[in-house]
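Colleague: Here it is, the structure, as structure tokens.
The values are calculated or read from the model by the stated rules, or taken from the named source; none is laboratory data. If you're wondering where the values come from, they're calculated on a predicted model, not measured in any experiment. For neighbour counting, all protein chains shown are included, and Cβ atoms are generated from backbone atoms with ideal geometry for every residue, glycine included.
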Amino acid sequence: MVKTKTLAASGAALALAATLLAGASGPAGAAPRGEVGAAVVCGDLAYLSDPANATGQTTVAQATGDTGTAQIRAGWYNGKRYGWAKASSYAYNSLHVMFEVDVNGDRKADCRYWKAVTDRIYTAGKATHSSSAVAFRACLLFDPAHSCNAAATKTGWW
């Protein structure tokens, strides 16, 4: 009976030690057990319907091609920094300016916002985020059903 208690106690001690070690020094960037951060989703990022109201607007990325110029713009609204897409010039009235948002770092759009350039030359905006996984890009497209991957004029991810 003593051996059973000793083995049970030793097993529990090893399990506790493994848990503490994994939490304290697990794989690079791993969070301690019970403290795993929630993934960012598009809905977590604040939405700005009209970036024309933002202050301190600047162009942070730009691409010019045969269809025109696509920009990622950034500015401040109510204490938050936002990004959005803008067409600063365009060669065809049938174009759309697209704003893509990646929230998980794979540099594929997790959400997209677009406007026909004849309606408004900029999209709605999304708040920037401290996570390097969150990034924006802009492009000019004829068909907004496609992603910026199909665009002749697109910015890199910012």
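Colleague: Restricting attention to region 103-158, which residues are of a type in the set (Val, Ile, Thr), modelled with pLDDT of 95 or more and out of contact with any Phe, Trp or Tyr (no Cβ under 8 Å at 6 or more places or on another chain)?
Modeller: Val103, Val134, Thr153, Thr155
Colleague: Then there is this: Tally time: how many residues in region 121-158 are part of a loop (DSSP other than H, G, I, E, B) and closer than 21 Å to Lys80 by Cβ? I'd like the intermediate steps shown before the answer.
Modeller: Initially, region 121-158 is screened for residues part of a loop (DSSP other than H, G, I, E, B), giving 121, 123-124, 128-134, 142-147, 151-152, 155-158.
Next, from what is left, pick out any that are closer than 21 Å to Lys80 by Cβ: 123-124, 128-134, 157-158.
Result for region 121-158: 11.
Colleague: For region 142-158, which positions are surrounded by 22 or more Cβ atoms within 10 Å (Cβ to Cβ) and of a type in the set (A, V, I, L, M, F, W, C)?
Modeller: Cys148, Ala151
Colleague: Which one is farthest from the chain's Cα centre (by Cα) among residues in region 61-111 that are crowded, with 20+ Cβ neighbours inside 10 Å and charged (D, E, K, R)?
Modeller: Lys86
Colleague: Next up: Filter region 48-66 down to the residues that are touching a residue at least 60 places away in the same chain (Cβ under 8 Å), polar (S, T, N, Q) and farther than 18 Å from Arg112 by Cα and list them by number.
Modeller: Step one: filter region 48-66 for residues touching a residue at least 60 places away in the same chain (Cβ under 8 Å), giving 48-52, 54, 60-66.
Next, from what is left, pick out any that are polar (S, T, N, Q): 49, 62, 64.
Hit for region 48-66 is Thr64, nothing else.
Colleague: Right, something else. Could you list, in sequence order, the residues of region 112-130 that are surrounded by fewer than 14 Cβ atoms within 10 Å (Cβ to Cβ) and over 14 Å from Leu141 (Cα atoms)?
Modeller: Asp119, Ser130
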